[in-house]
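This report refers to the structure that appears directly beneath it.
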Amino acid sequence: QVQLVESGGGLVQAGGSLRLSCAASGVLFSINAMGWYRQAPGKQRELVARITRTGTTNYADSVKGRFTISRDSAMRTVYLQMNSLKPEDTAVYYCNAIGRERDYWGQGTQVTVSS
């Protein structure tokens, strides 16, 4: 089992920055990749960014050049640095871990960007 706990959400003005953290615990050797998803009201959950155990990253087109995902070497903590935030980035952000047999999810953290 893997447990994920997010932190770092909050309210920020457009153009500002936030850094989300996801602390992982449990059977971490089974994790192949970790990432961040978000879900805005009335919309489907979407992938924001993902990083693999080998360090390969991928981003949603809407956040490329503004968001950066990183992790520590043990995959214990994953970060999402969000710069130049826009009101359309407002959503609940969820940490995700891809295991050998299943995905794991955190409880989510709210990010609100005011115009």
Inset, instruction - Hey, can you tell me all the residues within region 1-19 that are in a strand (DSSP E or B) and either open to solvent by less than 50 Å² (accessible area, probe 1.4 Å) or charged (D, E, K, R) (or both)? - result: Val2, Leu4, Glu6, Gly10, Val12, Leu18, Arg19
Legend entry - Top-ranked residue of region 68-81 - restricted to ones that are open to solvent by less than 40 Å² (accessible area, probe 1.4 Å) and over 10 Å from the mean Cα position of the chain (by Cα), ranked as nearest to Val12 (Cα to Cα): Thr77
Legend entry - Unique match (being modelled with pLDDT under 95 and among the basic types (Lys, Arg)) among Arg100, Arg66: Arg100
Legend entry - Of all residues in region 36-56 being open to solvent by less than 60 Å² (accessible area, probe 1.4 Å) and more than 16 Å from Gly9 (Cβ to Cβ), the one that is farthest from the chain's Cα centre (by Cα): Gly55
Inset, instruction - Report, ordered by the first and then the second residue, all pairs with beta carbons closer than 9 Å, sequence separation of six or more or different chains, a first member in region 63-80 that is hydroxyl-bearing (Ser, Thr, Tyr), and a second member that is in a loop (DSSP other than H, G, I, E, B) and open to solvent by 40 Å² or more (accessible area, probe 1.4 Å). - result: Thr68/Asn83; Tyr79/Asp72
Inset, instruction - Those residues that are acidic (Asp, Glu) and open to solvent by less than 30 Å² (accessible area, probe 1.4 Å), I need them from region 82-115; list them, please. - result: Asp89
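The values are calculated or read from the model by the stated rules, or taken from the named source; none is laboratory data. Computed from a predicted model, the values in this text were never measured in an experiment. Cβ coordinates were reconstructed from backbone atoms using ideal geometry, including for glycine residues, and neighbour counts include every protein chain displayed. We work out accessible area using only protein heavy atoms, side chains counted, and drop any ligands, DNA or RNA first. Shrake-Rupley method; radii C 1.70, N 1.55, O 1.52, S 1.80 Å.
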